[in-house]
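Below: one structure, written as structure tokens.
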Amino acid sequence: LQEYKLSNYIFWLNMKHLVIGNWKMNGTLAHASEFAQHLNEKLWQEEMLTQIILSPPTTLINYLKQNLDSKIKLAAQDTAVNKEATGAYTGDISAAMIKDIGCDYVIVGHSERRQYHHETNQIVRQKAEAVYAANMMAIICVGESMAEKESGSTCKVIESQIKESLPVSATPENTIIAYEPIWAIGTGLVATKDEIGMVHNFLNNMLNKERVSFAKRYKLVYGGSIKSSNVAEILAASYVDGLLVGGASLLWKEFWQIIKVVSEHQKIMSLECS
Ligand code: PEP
């Protein structure tokens, strides 16, 4: 029994929830400097049971790599579609270059890229392949629009996004899935616990059904108007392994508060398991 309890406890520690902060096109050196200073101090004072991943604009990755506590991992917000490390592609930044400046993750297929840069599922898939080729993890975003939600086609939309955006070489070791309903991004409208649970259940059935080992499941994170005040409700939905936070990740105090709520939740879960 003791052995069982211990392995369960280690399992929960290994299954850290993710808190991913997406700064989008925001942030100056001065902002990054203040943010890093405060977040580092907090991390040195308190042990967190979460994996924090920060996705600043590319201009700040190098600075944050040098100045943030190394427990915080970095993600780029996009990558060039090409697998080549270098080439005549003015304005593009390859996955290999992103890896070179210290990222371990890249967000691909964010709805803002799908909408403003006309990125199709096929482009998203090629970008994910470029991320794998550079030995990083892809955070692949999917989500339905308000019109799709209202017409009752949420699961159909998500299903085709998953089928078409995930490379055949995608595995839980190289890919995290972010469910971000478009209508909830930056709008203040948060999906309810039941709405999140319904989609995460659907994703779990689609991606993890055959996976016997719980530790080898695809991690499923939710994003859309997250604040420290709504985190507990979101985490109560089934199969939520973490959060993708946009606007609230720019404010260090609010971001830290979110991390704390997630960490507390994780602690309670690990106690329940022990
Ligand atoms: C996002 O951009 O991924 C996001 C979830 O934004 P926000 O939290 O601001 O809605």
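Structure notes:
- For the range 163-209, the set of residues classified as out of contact with any helix residue (DSSP H, G or I) (no Cβ under 7 Å at 6 or more places or on another chain), closer than 22 Å to Asn22 by Cα and open to solvent by 50 Å² or more (accessible area, probe 1.4 Å) consists of Glu173, Thr187, Gly188, Thr192, listed by residue number.
- Pairs where the first residue, in the range 234-245, is touching a residue at least 12 places away in the same chain (Cβ under 8 Å) and the second is in a loop (DSSP other than H, G, I, E, B), C-beta under 6 Å, 6+ apart: Leu243/Ile226; Val245/Ile226
- Inter-residue pairs, beta-carbon under 6 Å, first in contact (Cβ under 8 Å) with a residue 60 or more places away in the chain and in the range 101-128, second of a type in the set (S, T, N, Q), 6+ apart: Ile107/Ser55; Ile107/Gln77
- Unmet criterion (only one of (1) within 17 Å of the chain's Cα centre (by Cα); (2) open to solvent by less than 20 Å² (accessible area, probe 1.4 Å); (3) away from the ligand (no atom under 16 Å from the Cβ); (4) not small (Gly, Ala, Ser)) for Thr154: (1)
- One residue from Lys216, Lys227 being among the basic types (Lys, Arg) and more than 20 Å from Ser263 (Cβ to Cβ): Lys216
- Within the range 175-187, residues that are within 15 Å of Asn230 (Cβ to Cβ) and without any contact (Cβ under 8 Å) to a residue 60 or more places away in the chain sit with their Cβ atoms under 7 Å from residues that are open to solvent by less than 20 Å² (accessible area, probe 1.4 Å) and near the ligand (Cβ under 7 Å from one of its atoms), at 6+ positions apart or across chains, in these pairs: Pro181/Gly224; Ala184/Gly224.
- The condition of being within 26 Å of Gln266 (Cβ to Cβ), away from the ligand (no atom under 16 Å from the Cβ), hydroxyl-bearing (Ser, Thr, Tyr) and open to solvent by 20 Å² or more (accessible area, probe 1.4 Å) holds for only one of Ser225, Ser160, Ser229, Ser238, that being Ser238.
The values are calculated or read from the model by the stated rules, or taken from the named source; none is laboratory data. Bear in mind the structure is a predicted one, so any value in this text is a computation, not a measurement. Methodologically, a virtual Cβ is constructed for each residue, glycine included, from the backbone with ideal geometry; neighbour enumeration extends over all protein chains shown. Just so you know, the surface numbers come from the protein's heavy atoms only, side chains and all, with ligands and any DNA or RNA stripped out. Shrake-Rupley method; radii C 1.70, N 1.55, O 1.52, S 1.80 Å.
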